[in-house]
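Single-structure report; data block below.
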Amino acid sequence: MEIEYDPAKNERNVRERGLSFERARDFEFATAQINRVFRNGEFRLFGAGYLDDRFHVISYKQTDAGIRVISFRKGNEREAAKNGFQLRR
């Protein structure tokens, strides 16, 4: 799967959250809860699931070759519970 993203946005995410968009490769899409939402004039996908046994949330768009990451971060306890997950596995 090809991972695309805005390099400047990725650098900010690494600086502020300690998480590179490249790690989207390791996000467990197969067991994640995915929702499709129309926002900012386009359809986006929001995933709630695990990365390294820790709950994360990701916003992305599908591309022909993979995904384009919009946002990626650790989720909080409220988000985990809302989506039927635990904060840590």
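The values are calculated or read from the model by the stated rules, or taken from the named source; none is laboratory data. Computed from a prediction, not measured in an experiment: that's the story for all the values here. Glycine also receives a Cβ, built like all others from the backbone with ideal geometry; neighbour counts cover every protein chain displayed.
Residues that are among the hydrophobic types (A, V, I, L, M, F, W, C) number at least 2 in the following strands (runs of 3 or more DSSP E) confined to the chain: 33-39, 42-51, 54-62, 66-74.
Within the option set Arg36, Arg89, Arg73, Arg54, being modelled with pLDDT of 95 or more, exposed (fewer than 12 other Cβ atoms within 10 Å of the Cβ) and more than 17 Å from Glu2 (Cα to Cα) holds for one residue only, Arg36.
Of the residues making up region 10-22, those that are touching a residue at least 24 places away in the same chain (Cβ under 8 Å) and not polar (S, T, N, Q) number 3. Checked against (1) aliphatic (A, V, I, L, M); (2) free of Cβ contacts under 8 Å to residues at least 40 places away in the same chain; (3) surrounded by 18 or more Cβ atoms within 10 Å (Cβ to Cβ), Ile67 passes all but condition (2). So for region 23-46 (the condition being free of Cβ contacts under 8 Å to residues at least 24 places away in the same chain and among the hydroxyl-bearing types (Ser, Thr, Tyr)), does at least one residue qualify? Yes, some residue in region 23-46 is free of Cβ contacts under 8 Å to residues at least 24 places away in the same chain and among the hydroxyl-bearing types (Ser, Thr, Tyr).
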